[in-house]
Ligand code: SF4
């Protein structure tokens, strides 16, 4: 059997095993909704949001946004670790745009999360057009005190697609944000979506190739799913868009994994639809099967993360 350089001896650099080796114990992310909104929903940039955005701003189902951050962490710990096993947590500021507020408010919320003794780090999900040098300077200081990640939504490296899915930021803004974050030695991840409407297979592969050349530390690859009540659901019902199949998804994801540099941590390889609001495709609910099939496909093709990496 081949030996791979990553801790779990998988064919890709999986985040979970990496965290376990870093902290010596299992580490899970606790989703937090700290009451932010999003410039693409509050009218600053737009009102409708991205065409696939649920009103909850991607909040995890167990999160109660009414609670203060520290309480959300305590509740999250009970749900994610009901038997109170040895475990640590990363406070994941997940819902909406988690740098979209004055610096003083951000400081208060992030520092509050660090008060929990089991929180070993913070991960902040945001848009690339919602950071500036002042915020990044503060986050650089914070990253010297805790294990910090900033996660930027890119979704596609085609500006034309970003327009059509109503992201209201550009690829160039993402590149600026990633470079400024990396310059400050902060861990940076990007999110991409495979299966967006108006895109062909080559566009999705182009996004994979594009991000493989960015100075990122991590990536989340999401499968597109269609939530009820979104503009995407209307497009789908009117027949303007056919989602990709699970086979197509697996083929493209395997190709993207091959292109990624070996050092990039893969934090996610599927989406996480809420079954109560999912319109289609049904296969996106079968998370375990998707992950198993990706691993099997890597084996069948005898390939691995970085095999097709061409460097910068
Ligand atoms: S940036 Fe995020 S929260 Fe804002 S509209 Fe898009 S998906 Fe929703």
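Below, the figures for the structure above:
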quantity	calculated
Likely footprinting exposure, 291, 114, fewest C-beta neighbours within 10 Å first	291, 114
Alpha-carbon centroids, segment 251-312 and segment 75-92: separation in whole Å	26 Å
Exposure proxy order (Cβ contacts within 10 Å, fewest to most) of 203, 217	203, 217
Alpha-carbon gyration tensor eigenvalues x 5, square-rooted, for segment 175-312, Å	26, 19, 14
Square roots of 5 times each gyration tensor eigenvalue, C-alpha, the chain, largest first, Å	27, 24, 20
Over segment 1-128, relative contact order from alpha-carbon pairs under 8 Å, at least 6 apart, %	27 percent
Segment residue 198-residue 287, extension gain: residue separation times 0.36 nm, minus the distance between their alpha carbons	29.6 nm
The chain - mean residue ellipticity at 222 nm from DSSP helices (-39,500 (n - 2.57) per run, n ≥ 4, rounded to 500)	-10500 deg cm²/dmol
Efficiency of FRET from Cβ geometry, residue 146 and residue 62, R₀ 22 Å, rounded to 0.05	0.40
Segment residue 74-residue 37, extension gain: residue separation times 0.36 nm, minus the distance between their alpha carbons	11.0 nm
Relative contact order (%) - the chain, alpha-carbon pairs under 8 angstrom, separation at least six	17 percent
Likely footprinting exposure, 298, 154, 103, fewest C-beta neighbours within 10 Å first	103, 298, 154
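Only the coordinates and a few stated rules stand behind these numbers; no lab work does. Note that the structure is predicted; figures quoted are calculated from it, not measured. Positions of Cβ are backbone-derived with ideal geometry, glycine not excepted, and every protein chain shown enters the neighbour counts.
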